[in-house]
Amino acid sequence: MVPFDWSAFATGLPFTLVAVVVVLGVTFAIALRVGKHAVVDITWGLGFAVIAVTAYVAAGALDAGDRTRGLLVTVLTVIWGVRLATHIALRSRGHGEDPRYEELMSKAPGHPHAYAFTRVYLTQGAVMWFVSLPVQVAVFATPGLGVLAWVGVAVWVIGFAFETIGDYQLTRFRNDPDSKGKVLDTGFWRYTRHPNYFGDACVWWGLSLIAFSAWPGILTILSPVAMTWLLAKGTGKPLLEKDIASRRPGYADYVRHTSGFFPLPPKRSNA
């Protein structure tokens with residue numbers, strides 16, 4: 001087993017922590033300036049990109065890790081993060097505050113912005129840093145790329161395709177005036193109610209497999225597990241579906257026939 005440079009890795013961790021603090025601090029300042037905390041959603045993808053680049057630069061400065069593996073995992077993370085941030089920015093352009101954050105601040109026991117900072121920004125920063133651990137470990141890992149790493153790249157490609165194409169199909173559907181009150185049940189949305197969330201999970205399992213292919217990447221397995229749980233059971237799918245049936249009458253039937261997360265053939269009607 002090729003030894004892992006724990007000293008170099010430990011030296012790099014404070015830099016990624018500082019990167020998270022800076023990114024979210026700037027985001028909070030922008031949110032106060034524009035008057036909406038929804039901008040933090042844009043930072044979600046960008047934050048991971050910044051962490052990956054910071055870890056890669058730190059590993060290079062400390063002469064640690066295999067540069068090919070480090071560059072690969074960094075590039076894939078940046079592509080995913082920038083694409084997601086751009087999509088969310090375009091989707092939210094011209095809109096006011098997200099109802100989720102309005103509801104949150106309306107329940108604040110003290111100053112609403114301070115409450116939002118502790119409940120949203122600090123929480124997001126902690127989750128972001130924890131989920132990114134496979135990427136951080138991967139850039140410091142010494143062995144070259146093996147079969148499992150390329151399996152991870154393949155899983156990443158599948159996830160990125162699901163997320164990107166799913167978002168495109170949904171955007172096109174929302175921009176069609178004839179779709180008002182209807183449910184998108186074609187394309188990837190025929191097989192899963194959340195192809196973008198499924199794709200997101202695959203992206204992080206793909207990045208994690210690249211990390212798992214070298215010691216001690218497997219120790220970060222809880223990171224992709226946490227991301228998958230958030231998307232399928234936490235703040236992703238359940239929160240999005242909470243009141244959608246009241247706005248789209250056909251959604252209840254769509255739920256009965258369509259997988260909630262993992263793509264599966266639609267269930268046949270009993271009729």
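The values are calculated or read from the model by the stated rules, or taken from the named source; none is laboratory data. Since the model is a prediction, treat every value here as computed from it, not as a measurement. Virtual Cβ from ideal backbone geometry, glycine too; neighbours counted across all protein chains shown.
Things to note:
- Single residue of ALA64, ALA85, ALA58 found to be within 30 Å of ILE244 (Cβ to Cβ) and among the aliphatic types (A, V, I, L, M): ALA85
- The listed residue being touching an Asp or Glu at 6+ places or on another chain (Cβ under 7 Å), at pLDDT 95 or above and not aliphatic (A, V, I, L, M), out of PHE130, PHE140: PHE140
- In the range 167-207, the residue that is surrounded by the fewest Cβ atoms within 10 Å (Cβ to Cβ) out of those that are closer than 27 Å to SER132 by Cβ and of a type in the set (Asp, Glu) is ASP167.
- Pairs with Cβ under 8 Å, 6+ apart, first in the range 183-194 and over 15 Å from ALA252 (Cα atoms) and part of a helix (DSSP H, G or I), second among the small types (Gly, Ala, Ser) and modelled with pLDDT of 95 or more: GLY187/GLY166; PHE188/GLY166
- Considering THR118, THR86, the condition of being assigned to a helix (DSSP H, G or I), more than 14 Å from the chain's Cα centre (by Cα) and polar (S, T, N, Q) is satisfied by THR118 alone.
- Qualifying residue in the range 124-136 (condition: in a helix (DSSP H, G or I), under 20 Å from PRO224 (Cβ atoms) and over 15 Å from the mean Cα position of the chain (by Cα)): yes
- Verdict on LEU32 being surrounded by fewer than 21 Cβ atoms within 10 Å (Cβ to Cβ) and either outside the structural domain of TRP215 (by TED's automatic domain parsing) or basic (Lys, Arg) (or both): yes
- Considering the range 121-166, and only residues there that are hydroxyl-bearing (Ser, Thr, Tyr) and crowded, with 16+ Cβ neighbours inside 10 Å, the residue that is nearest to PHE48 (Cα to Cα) turns out to be SER132.
- Residue match in the range 86-100 (condition: in contact with a Phe, Trp or Tyr (Cβ under 8 Å, 6 or more places away or on another chain), touching a residue at least 24 places away in the same chain (Cβ under 8 Å) and under 24 Å from ALA226 (Cα atoms)): yes
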